[in-house]
Amino acid sequence: MTAEIHRNKITVKGLVQGVGFRPFVYNLAGSLGLSGFIINTSQGVLVEVEGVWAALETFGEKLQSELPPQASISSCQSLEVLPKNETGFRILLSDCSGDVATLVSPDLATCPDCLAELFDPSDRRFLYPFINCTNCGPRHTIISAIPYDRPSTTMRSFTMCGKCREEYDDPANRRFHAQPNACPQCGPTVYLLDRDGGKRVEGDAAISAFCSILDEGGILAVKGGGGVHLAVDATNDTAVKLLRERKGRQEKPLAVMFPDFAEAEKAAVVSDEMAKFLRVPAAPIMLARKKSGFHISSQVSPHTGLLGIMLPYTPLHHIIFSRFKRPLVMTSGNLSEEPICIDNDEALARLGGIVDGFLLHNRDILIRSDDSVLMEAAGAVRFIRRSRGFVPRPILLASDGPQVLGVGGELKNTVCFLKEENGFVGQHHGDLQNLEAYGFFQETVTHLQNIFDAEPELVVHDLHPGYLSTRWAKEEQSLPTLAVQHHHAHLASCLAENREAGPAIGIILDGTGYGPDGAIWGGEILTGDCTSFARKCCFEPMLLPGGDAAIKAPWRTALSYLRAAYDGNLPDLDFLAGEPVAPILAMLEKKINCPVTTSCGRFFDAVAAISGGRKVIAYEGQAAIEFMEQASGKDGATYGWAIEEKGDIFHLSVRAIVRQVAEDVLAGVSRAEISGRFHRTLAVLLAEAAELVSSLSGLKKVVLSGGVFNNHLLLELLAAHLTEKGFQVLTHLQLPPGDGCISLGQAVIGRQYLIGGRV
Ligand code: ZN
Ligand code: ZN
Ligand code: FE
């Protein structure tokens, strides 16, 4: 009896190009004795397989269960068609027609197979800095269009040699259609330039020279995956200090790349969950607690117990660490606050005054992408900055809809294209307050639009009229626009990421967001969904003397909050000694340049300064971070608080809490206890407020969003209280809680607006 032959036509969508999917399918079909073909299409991948039923069933199962590590399937539809009596399984050339909907892979850290070859003296790619395969190598940063084929990458200028071509064409080879495939004969090369761009040494000699400059305490630029890093010996105080001076970065922590995982673990506490993220494929920066007996320079991350650790992720990094055995500071190649350099000439022009040499190469980076930053909090690893290794993986939404572009806020800007059920959030741009960052923003919009063939119908921007992203939306492009309130975008973003429609209660805590009343919002409890929102609670409105000037000098904010708390009769606190108190008080009295704020970030700044923290900060959030790190859980006490009804909104205590903090300071209570009490108080107060809003609205879902939730202590305390009260708590797991999530929120609100308008 001969078994009956069937044929299935399978359409696969998802992350299936540039991740070894076709060789996987080729080998799988071969092993099951199935005939047919596979082809990359602009929609994803099309597979036809023919054979006996049992083999087809196994094929269908293994297609999902044995997927290559970097691939992911978002939809897989199988249809039975008439058998064609083919023999053998073939990989067909890509079909470029039709709508482009394939997902582009993020850059992938060097895989274990390539690493083994890299250090195998008998391998033809022994110590070759551009080794890669279908499981690793650059992707997003070198691609200009899809389908993902070599001509649409920056590898187009290198012609493969015979041996590379054979690998590339052989479906059984792990370099089959690995677009950046290269070897020392045919691929890119590294070279070292001195600070003026002269004296070129190539290849191995370049790496040796690089390592001896590091040994001598020099600062070097090194071209990595998503841009140029500045590298110095992380154990050399003088070198790190010099880097800070030249880069204009005073105290903000610097990330450290360790030779390997064992070395990283000597310096910092790494949980199993963190370890999973640290390794391939994304290899981000992970914030981890420093261990005692720490051998890294104290200049690397002063005044904090945390250290940003990272592992080598390009072959060049691995080669460097095979010679230079100490950890390296690896920080973005830029002057403070400017975007990372990617272009060789750009690096020479912008970094010439900072470095003692440049280790560059001739494979172009098309789009810059900083290292991502994550930390573990409230039982999960969460984003602080989402970039290289994760972008442009989509946030999978609950539903399809019209295409929309969200252009984000001003700080920690990202943009987001919605297409079908995907939210393509681009990489972190930094603060759109300088022209370079604004240029980077524009590059990303164009790049994402190209690689996803996006055609948005609407551009959504922040309500703030002065943001560069708002101005771009209104003045630099011709599509219809929609303004969305900042905290509404936070709420919608967290809902969308959790594939929830809402409505929900949103506890949105951050530094700054433009309110419809012109005030600076930032400590809000909203109710709403993607259609609309209502403001139910906020912190008591306070005055911010000098606006942005107060953000940089928390003592000013503290003075304002104390003045309000004590009705002008200031208590005698040490932190005000020697400060120009009178002019600030006069400013507050006359309300000159004193915007009204409900910001939670400023509340933290004020309390941190009153309790003896730094009066002026070197980077955003510094005062609050240091305050949190000191928190003690010893006495378990909380401050008294109140929720007051003010018309149609409830005000949460600020003045009463500030007074109790000041009294603790006067009574000599330690800063650690004050911090612990403050955190616990906020958590209780916010949970009670949520319960109040719930009793009025009937809502039992709570969304937590806003940059203050980078404070893991508050996040953990509040989430625990809310859970205890029976709330379903939704937090950010795929995007940062800070303003990097705004663009997704804007875009989903915009999509809902279009859908609503069409009904
Ligand atoms: Zn590899
Ligand atoms: Zn070659
Ligand atoms: Fe925000």
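Every number here is computed from the coordinates shown, using simple stated rules; none is lab data. Please read all numbers here as calculations on a predicted model, not as lab measurements. Counting neighbours? That spans all protein chains shown, and the Cβs are built from the backbone with ideal geometry, glycine included.
Couple of notes before you dig in:
- Helical content of the chain, expressed as a calculated mean residue ellipticity at 222 nm, amounts to -9500 deg cm²/dmol (DSSP H runs of 4 or more residues, -39,500 (n - 2.57) each, divided by residue number, nearest 500).
- The residues 11, 444, 638, 159, when put in order of fewest to most other Cβ atoms within 10 Å, stand as 159, 11, 638, 444.
- Full extension of the chain between residue 260 and residue 185 gives 24.1 nm of extra length, using 0.36 nm per residue less the Cα-Cα distance.
- A Förster radius of 51 Å combined with the Cβ-Cβ distance from residue 670 to residue 120 puts the calculated FRET efficiency at roughly 0.35.
- Cβ-Cβ FRET estimate between residue 93 and residue 399, R0 fixed at 35 Å, reported to 0.05: 0.55
- Global form of region 300-367, assessed from the alpha-carbon gyration tensor, a/c cut-off 1.5: oblate
- Within straight-line reach of residue 241, meaning a Cα separation under 17 Å, sit the following aspartates and glutamates at least 8 residues removed in sequence or on another chain: 215, 216, 233, 251, 356.
- Relative protection proxy for 170-182, 565-577, from highest mean packing down: 170-182, 565-577 (other beta-carbon atoms within 10 angstrom).
- Here the gap between residue 326 and residue 292, fully extended at 0.36 nm per residue and compared with their Cα-Cα distance, gives a gain of 10.5 nm.
- Percentage relative contact order, region 242-312, counting C-alpha pairs under 8 Å, at least six apart: 46
- Relative contact order for region 203-324: 28 percent, from Cα pairs under 8 Å spaced at least 6 residues apart, divided by residue count.
- Region 229-324 shape via C-alpha gyration tensor axes, a/c threshold 1.5: oblate
- Cα centroid separation, region 658-691 to region 148-182 (Å): 60
- Dividing the mean sequence gap of close Cα pairs (under 8 Å, 6+ apart) by how many residues the chain holds gives a relative contact order of 11 percent.
- Fewest-first ranking of 729, 81, 104, 407, using other Cβ atoms within 10 Å as the exposure measure: 81, 729, 104, 407
- Residue exposure sequence - 721, 732, 428 - by fewest surrounding Cβ within 10 Å: 721, 732, 428
- Ranked by how many other beta carbons lie within 10 Å on average, peptides 677-683, 352-358, 65-71, 50-56 from highest: 677-683, 352-358, 50-56, 65-71
- Distance in nm between pseudo-label sites at residue 499 and residue 165 (7 Å out along the Cβ direction from Cα): 4.6
- At R0 = 30 Å, FRET efficiency that the Cβ-Cβ distance of residue 663 and residue 591 yields, to 0.05: 0.65
- Were the residues from residue 476 through residue 82 laid out at 0.36 nm apart, the gain over their Cα-Cα distance would be 136.6 nm.
- Considering only the chain, percent of DSSP beta bridges that pair antiparallel, nearest 5: 70
- Nitroxide proxy distance, nm - points 7 Å out along Cα→Cβ at residue 273 and residue 73: 2.9
- Cα shape, region 386-538, gyration tensor, a/c 1.5 rule: oblate
- Cα-Cα over 28 Å, subset of 199/247; 163/199; 252/591: 163/199; 252/591
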